[in-house]
Every structure is written in structure tokens, then in C-alpha cells.
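Q: Encoded as C-alpha cells, here's the structure I'll be asking about.
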Amino acid sequence: MSCYSLKLFYALLLLLLHAAGSILGFNSLPNSAEIKCIESERQALLNFKHGLKDDSGMLSTWRDDGNNRDCCKWKGIQCNNQTGHVEMLHLRGQDTQYLRGAINISSLIALQNIEHLDLSYNAFQWSHIPEFMGSFANLRYLNLSYCAFVGSIPSDIGKLTHLLSLDLGNNFFLHGKIPYQLGNLTHLQYLDLSDNDLDGELPYQLGNLSQLRYKIFNPLFYSPSNFSTALTILDLSSNKLTSSIFQLLSNFSLNLQELYLGDNNIVLSSPLCPNFPSLVILDLSYNNMTSSVFQGGFNFSSKLQNLDLGSCGLTDESFLMSSTSSMSYSSSLVYLDLSSNLLKSSTIFYWLFNSTTNLHDLSLYHNMLEGPIPDGFGKVMNSLEVLYLSDNKLQGEIPSFFGNMCALQSLDLSNNKLNGEFSSFFRNSSWCNRHIFKSLYLSYNRLTGMLPKSIGLLSELEDLNLAGNSLEGDVTESHLSNFSKLKNLYLSESSLSLKFVPSWVPPFQLQYLRIRSCKLGPTFPSWLKTQSSLYELDISDNGINDSVPDLFWNNLQNMILLNMSHNYIIGAIPNISLNLPKRPFILLNSNQFEGKIPSFLLQASGLMLSENNFSDLFSFLCDQSTAANFAILDVSHNQIKGQLPDCWKSVKQLLFLDLSYNKLSGKIPMSMGALVNMEALVLRNNSLMGELPSSLKNCSSLFMLDLSENMLSGRIPSWIGESMHQLIILNMRGNHLSGNLPIHLCYLNRIQLLDLSRNNLSRGIPTCLKNLTAMSEQSINSSDTLSHIYWNNKTYFEIYGVYSFGVYTLDITWMWKGVQRGFKNPELELKSIDLSSNNLMGEIPKEVGYLLGLVSLNLSRNNLSGEIPSQIGNLSSLESLDLSRNHISGRIPSSLSEIDYLQKLDLSHNSLSGRIPSGRHFETFEASSFEGNIDLCGEQLNKTCPGDGDQTTEEHQEPPVKGDDSVFYEGLYMSLGIGYFTGFWGLLGPLLLWRPWRIAYMRFLNRLTDYVYVCLW
């Protein structure tokens, strides 16, 4: 080969290598060892990103530009150093950093070499795990937990034969059977299927998982006996297990070290005696186990260090009975949780003295413990680091010996009945633990006195909660200056006055500050400007009569809840440029804010701005093109004028909108129909006019529609009943609506509050009322039906990926028993129909008797006629009935007197007749309930009925004497009888008895009929 040919060969070889490197994504430079990702895999990752919502920037490095084309350098990606193939995709969410939206795992099919896939702790909006998951043949680790996946577990996962760890737990909505193909994963060491909605039998093929070390199922109805002999950790918590589970436990390996059976339905009537010599942790919390389970005793070794018996339904007697035998291992206990049970007396403390002297962590919260905490507790339990006794009924003075428990770091005595001077808590105490003491919770007791300055000895304190006591006096900077590590401070609902010098700069950076209903005002606390790490701030009801410094609003950057309501704060909110990544819930209601609502607040998840002086809504909503996280807007009781803005598409994720009690005019804009997720629309008490826009039928999720007290006109559209099947509250009172009541309203089978009063509606009441199912069933509990009026967490999570605070309640204004009332607590059983003050005609349909759950019915001030249907007596839940000012006739049905709960009755100004029914409590109604009915009589009207006088004469009058008028009346009655007999037989007798007269009389009638007919026509 010539030199020229050799050079040509090398040149061609270099070109081929360069082309291959470009195809595979390698760096083609020979002097570079850097490996770049494969182009096809890079495109797959970009396709995976498409459609996901990344508010926190988890995928911010995934960009298709010149500086970021190497996907191996993207966040969450790890590639093979030699081949460049993606081996790891780790996108685990946390706190407020997570992905949301509909995930498309199918786009990752090109990642054939991936070994580690973790998408846990994200919010994928009820997506399904795809069937082809078995295509990722090289997977060793798969974690899809806490992702809100729905559907069944795909059987194709059984093809991942190299899998070592599989976690599908805490999706909550995975359902169906556990696929038997999981038994093919013979290398599996970790399996978690907990906290889902799985059912059926556990496949016996899972007995093939001989390498399994950790196993979690949910729920579990049946289990085979051939479990892995190597199993060391078994978690069956949050299932529907019964006592039969212990038949399985007797077959378990002796290697089991941790067993979790919490939150089940385990009920045992005989002692539990499984053989667990290696068990270290046992959790039996949230069950229904009785004391007998402990009488036989557990066969535990001294390795047992953690015992959780919380919510087992245990009583004090169970401990007294078992303290000598069943808990003989207790001297080794380090962690004991007996919380959420039925423990009553303080004898539990004495059992602890004798049995568990090495405890580090003791939880007895949420029981019914009574009496004082024994004095000897502090001496015996001197190894305790954590003590939780909250939510009991403990009484007596708060003990001071806690300061002598030198290992104690956290103490929670909140929500009890402890009393005494707060300063005594520090008296006679060395506080030998002050250098390690971190948390003190004494809230909602009966403590009195002032806050002593000696509290500053606890210099390591991170959490201080004294809310809900009767503490008084001033809190100054001298009380808090030593708390450089303080993170959480709760002083709400006390009589403390916070008086800090304006120049004070706290040594701490708080995360949670709740000082509601203290004495913080009248000036705005300037030291709050220094707190830039706040997550929650509640300074409501503090008498602040000042403006908010502009610099304070910059502290909202990390806020998740801001409550400055019920003060006298004045001025405007500056329209600053501020990013709110955590989408706070902001309550500024009941103040005197004015001017425009700044557009940066659209980044919040909810805004409560009612009862202020805001005047501009248009620029607030329309300045931004989108507000994807905005869920609640309450601007009621303000000074907003003009027409409603027509840019509702920019806030299309709204769930609750309340613009009531403003000065809005014009028509409801068509763009409001873009609020397809909206559940409550309240436009009450404005000056809106025109017909309802047809686009509102797109708001099919509405459960409350309140358009009352406006000037709306036209007919009630049929699509309200056809499209809004979720409606529970429909209020269109006080408008100019006309036409008839559409029968489509009968499609509203969930309706409970229906008010169409004070309109111009005509014709009759539809007879299809019996289709209003929610009003027809007495068994429906309104608090259940209306529970999501407070907040629909599922809807909020589905849209935004986070749960709400549940701090929003609807303000329902309703005519109740003749008086307009506001209901901020819809747990009341409000089932009401009000069609009063219209032009309705015809009879009251007897079908109204099907509405057995109805509590209030008002049909007054119409043109109704006919009689009151007797079926109305079936309404046994009725408390208020108003049929006044109609043309109703006939008698009052006696069945009305059988309604026990009836408190208000108004049948006045009709044409009723006869006697007012008596019986039960019907006599308690005043005359005003029946006045204006001329032919009505009874005791309530002090008017006797026909026949009442005869009965009185017969019973009480003296026998007649000679010469009385009775002789005259006897003669009169006799003459009337003779006259009637003579007249009847004198005229009709011949017609009946003599045939010629009868024929002649019939001919005369026929001629007379023909003559009248001819004259009329």
C-alpha cells in the first residue's frame, strides 16, 4: 500500500469515527474524555418534561439550548461514564419542590439502560402507571410512591426480574388485586404497597421472594404461610386487618425485628403469644385491641426498644391487670406510645414508675387522663427526653419538677385543665436541662399570672407555645433576648401586651408566629420587618391602627399563611415586584385597606379581602395573563364600582369567588364561563342586570350559586338544572326574573337551599318536586353533604398539588323563619325552599309531601289557590311553614298538628275555613298565624265555631220552665216538618206515582232545553 493510500485510509477512518460519535452524542474530539448523553435519550427526557408543571424549577436545567444540550449534566440525571446512556433518573420531590400535572412515562421508553427510576413525592394528577413498565428491563430500583397514581398495578412490572426495590406505597388510589406476576421478582429485597386501596387475596406466588427483607401491604385480607424466611421487617399498617392476621404471624420467621400493625381493625379476645425473640419494634396503634391481648404476654427478648400501643382502646384496668406478667420486658423499653386511647385515671403513672424506668420517649396524648401528675413522676422518669401529655383532662397546679428532669428536651402539656401561676413553673426548679431544653407547649390550660423574665434561662428554646391561657402583663424584649434559636412562638388568645421598643432587632428568625388577639397595637410592629424566614404569621385582632411599611411585604416570599384580619390597618398595598413561590393563603379582611388590589397577590392560593375599602378590581385581574395557582377570591363588602371585568380566563383555576355587597353594575360577562373548576360563585347585593350568560353552564362544578339582590331579568335558564347537577345552594332572591319555574330545576337532586323569592315568576309549581332527593331523605346529614363548603381538599390537591389550610368558610345569607340571617357555619341542617313574593298560581302540589327532610317552606305572597294538601303533614322535619297571603281555601289539614318540630306557622290572609286543628303544640301559635281568614274559627282566634254554642246550651243551661220560649220553638219546628212533607209529596209524589204526569213533565223539559240551545246559538 502506497503512502498516499495509507493517508486516505486514515482520513476515511477518522470521518467514520466522527460520524459515529455525532450519532451517539459522544465528543468527537480525540483529546477529550468527556462523554455526552445519547441524542435519542435527550429527546426522550425533553418529551417527558413537556406537559409537567414545574413551579419550583426542578427541571430548570433541562433546556434545549446551546449551553445545556448535554442531558448527563441535567439535574436528577446520571449517565454511564463509558457509554453515555442514562442510568439514573432521580426526581424525588420534597416540601414545596415537586412536579405536578399529567405524567407521560411512555416518553421514557428510549431509556433502555436505566437502572434507577425515582419519581416519588410528586403530584401527577391521578395518572396511571403504564402497562409497559416491564420494558425497562435493567431497572434495579423503582419508586413511584406518593405520586397520586390511580388505577391498578400493571402486571408487566413482573418482567423487571433484576429489581431489588419496589415502592408503590402512599398513592391512596391504586386499587384492584396485587398481580401474581410480582412473584417473578426473585431478587426483590424491599416491597412497599401500603396506603392504597388494594383488595383481594395476597398471591401465593409472593412466597417465591426468598431475598425479601422488607415487606409492606395494603390492604390484606388473606396471606399465605410460606413467607420469606429472611424477612426482617414487615409493615401491614393502615389496612383492614382483623384478628385472623395472627394466624399468619405464628408462621413467621424468628428473624423478624420490626412489625407494624398500626391503624387496622384488630380485635382480640384471647392473649397474643407469638414467638418473636428478635423483635425490636412493635406498632399496634390505632386498633381496637382489648386488655386481654396482653394478659398472656409476648415472648420478646431484651432487644425490644420500641413499643407503640396507641389507639388500641386500652383502659387503665388493662395495665393494672397486665403489669405483673404481660409487660415483663418493659424495663428495656426506650419508646412507648399509648396515645389516642381511653386511659382515664392517673394510675397509668404508677404503673410506669414500676415498669418502665429507662424510657426516653413517652406519648400519652389524646386520652382522658384525669387528676394531677404525681409528684414522684419527675424522680422516677429522669431519663425521659420527650414527654407528650396533651389533650387530656389533667388538673391541679402545673408541676415544677420538670425543670429537675435533666434529660428532658421536649414537654407538651397543652389542652388540659392545669392551673396556677405560670411563674411557679420556674420556681423551686434548677432547670438542669436548660442547655438542651428545646420545646415547651403549655397552651390552652388555665394558667395565670405574668410571664417571668426567668424564662430567658431556657436559652436553647426553639418552640414556645403559651396560647389560650389567662396570662397577662407586658412582654418586652428582655423576655426574649436570650432566645437566639427560637423558631416558633405562639401567644394567641391571651391578655399579654407585646411592648417592644421600635429599634429592637430580635436575635432570632421566626418561622411561625401566632399572636392573635393579643395587645400588639396600635402601631404596626417594626421588628416584624426583620423576620424574613416566616412561614406563618397571625397578628389578627390586635388593635393595629396603622399602615403597613412597604418593606414588610417583601417578607411574604417564604410565607404560606398570612393573617392580619380584624384590625384597623389603613392605606394601600404597594404593587411591588415579588415572587411568591409558596403561594400563601392571605387574610386581610376586616381592615381599612384602600385603593387598587396589587396584581402580585394573584400568586397567592387564596385572598380574603372582605370588609375593606378596595375600589379597583379590573386592573387586579387583568394585569396578568395567567394566575395558575389562584383558588380563592373574597372581595365582598368593599367599594368596587363599575362593570365586572371581562378577563376571567386569566384566573380560570378559581374555586371560590365572592364579590357580594359591592357596587357592581352591568351584565355578567361571558368570560366568567371559563371558571370551569369554580365551586362557589357569590355575586349577592350588587346592581347586576340582564340575563344570565349561557357560558355559565360550563361551570358544572358549582355547589353554590348566589345571585340574589340584583336586577337580573329574563327567564330562569333550563341549563341550571341540566348542567349544574352539583348545586346544593341556589339563591336568586330579589331580582326581576320572569316566566315559569322550569321543570329542569327538578334535576337538582343535591339541592338543599332553593330561594327564588321576590321575583316575577308565574304559572304553577312543578309537580316533580319529589325528584329533589337531598330534601326527600331525612337520613342525609347536612354536615356531611356540605362539608366541602369549608374546603374541598381533593379538588385543591388535584389542581395545585398541595393541600389547603381549610380556613375558608362560605357566608350564607338566608331568610330563616321570617328573619334574614347569616350562616357562616353550614353544618346546620338547612333544607329550605322559598318561592315567596312571586305570581305563582294553581294549587300546592301534593308531591311536596315527598320532601321529608324539608326544614323550611315559604310559598307566601303568591296567587296560589285550592286546598292545603294533607300530605304536607308528612314533613316531620318541618320547622317553618309560611303559606300566607294567597287564595288558599278549605280546611287546615289535621296532619299539620302532628309535626312536632313546627315552630313558625303563618297561614294568614287566605280563604281558609272551618275549625283550627287542635292537639300537640298547635294551640301555641298566636292569632297572627291565622288572621285574615274570615271563615276560620278556633281558640287561637278567640272565635267559636258553629255548633260550639249548642253544645254549651246542652251541657250548661238549666232545664226549661213553664212559660219559656221553648214552647214557641217546639211549635215552629213541628210546622216546618209538616210543611216540608206536604210540599215534597204534593209536587214530586204525582210525578213519581202517576205515569201520564211524568211523561208530560219530561216533554216540557225537552222543549225547554231545545229552546235555550237555539237562543244561545
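Quick note: the coordinates plus some simple rules give every number you see, no bench work behind them. Everything numeric here is computed off the predicted structure, so don't read it as measured data. For neighbour counting, all protein chains shown are included, and Cβ atoms are generated from backbone atoms with ideal geometry for every residue, glycine included.
Q: As a footprinting exposure proxy, order PHE132, PHE124, PHE925, PHE483 by other Cβ within 10 Å, with the fewest listed first.
A: Values: PHE132 13, PHE124 24, PHE925 18, PHE483 21.
Ranked by crowding around the Cβ, least crowded first: PHE132, PHE925, PHE483, PHE124.
Q: Rounded to two decimals, what is Rg over Rh for segment 390-487 when you use alpha-carbon atoms and the Kirkwood radius? If you can, show how the numbers build up before the last one.
A: Values: Rg = 12.5 Å, Rh = 13.5 Å.
Radius of gyration relative to Kirkwood radius: 0.93.
Q: What FRET efficiency, computed as 1/(1 + (r/R0)^6) with R0 = 41 Å and r the Cβ-Cβ distance, is obtained for ASN613 and ASN419, rounded to the nearest 0.05? Working shown, then result.
A: Details: r = 44 Å, r/R0 = 1.08.
So, using R0 = 41 Å, E works out to roughly 0.40.
Q: Between SER577 and LYS499, how many nm apart are label points set 7 Å from Cα along the C-beta direction?
A: 4.4
Q: Over 28 Å between Cα atoms, which of LYS49/LYS596; LYS641/LYS697; LYS453/LYS485; LYS417/LYS438 qualify? Write down the numbers at each step before the final one.
A: Working: LYS49/LYS596 38 Å; LYS641/LYS697 26 Å; LYS453/LYS485 17 Å; LYS417/LYS438 23 Å.
Among LYS49/LYS596; LYS641/LYS697; LYS453/LYS485; LYS417/LYS438, the Cα-Cα distance tops 28 Å for LYS49/LYS596.
Q: Still on this structure: Taking R0 as 56 Å, what FRET efficiency do you get between ASP375 and SER532 from their Cβ-Cβ distance, rounded to the nearest 0.05? Write out the running numbers ahead of the final one.
A: On the way: r = 45 Å, r/R0 = 0.81.
That pair, ASP375 with SER532, gives E of 0.80.
Q: Follow-up question, since we're still on this one. Could you sort 451-457, 908-914 so that the peptide with the highest average Cβ count within 10 Å comes first and the rest follow in order?
A: Numbers: 451-457: 17.0, 908-914: 18.6.
Ranked by mean Cβ neighbours within 10 Å, highest first: 908-914, 451-457.
Q: At a Cα cut-off below 19 Å, give the lysines reachable from LYS36, other chains included and same-chain residues fewer than 8 away excluded.
A: LYS73, LYS75
Q: Modelled label-to-label distance, HIS128 and GLN639, 7 Å Cα→beta-carbon offset: nm?
A: For HIS128 paired with GLN639, the spin-label model returns 5.7 nm.
Q: Also, I was wondering about something else. Ordered by packing density, taken as the mean number of other Cβ atoms within 10 Å over each peptide's residues, highest first, how do 843-850, 505-512 rank?
A: Values: 843-850: 19.4, 505-512: 16.4.
Ranking the peptides 843-850, 505-512 by packing returns 843-850, 505-512.
Q: Full-extension gain between SER481 and THR83, please, as 0.36 nm times their residue separation minus the C-alpha to C-alpha distance.
A: Details: separation 398, 0.36 × 398 = 143.28 nm, distance 5.90 nm.
Length gained between SER481 and THR83: 137.4 nm.
Q: Under a point spin-label approximation (7 Å from Cα along Cα-to-Cβ), what is the ASP54-LYS393 distance to one decimal in nm?
A: 5.7
Q: Provide the gained length on full extension for the span ALA407 to ASN67, in nm with one decimal, where the gain is 0.36 nm per separating residue minus the Cα-Cα distance. Don't jump to the answer; show the numbers that get you there.
A: Details: separation 340, 0.36 × 340 = 122.40 nm, distance 5.51 nm.
Roughly 116.9 nm would be gained on extension.
Q: Mind listing the phi-derived Karplus ³J(HN,Hα) values for segment 893-901, rounded to whole Hz, using 6.51, -1.76 and 1.60 with θ = phi - 60°, and x for any glycine or proline?
A: Each residue of segment 893-901 in turn: x, 5, 5, 4, 6, 8, 8, 5, 8 Hz.
Q: For ARG763, enumerate residues with amide H under 5 Å from its amide H, sequence gap 5+ or separate chain, H modeled in the peptide plane.
A: MET841
Q: If packing is taken as the average number of other Cβ atoms within 10 Å across a peptide's residues, how do 442-450, 474-482 rank, most packed first? Display every interim value, and only then the final one.
A: Working: 442-450: 19.6, 474-482: 17.1.
Final packing ranking: 442-450, 474-482.
Q: For a Förster distance of 56 Å, can you work out the FRET efficiency between the beta-carbons of SER870 and HIS736, rounded to the nearest 0.05? Write down the numbers at each step before the final one.
A: On the way: r = 36 Å, r/R0 = 0.64.
Result of the calculation: an efficiency of 0.95.
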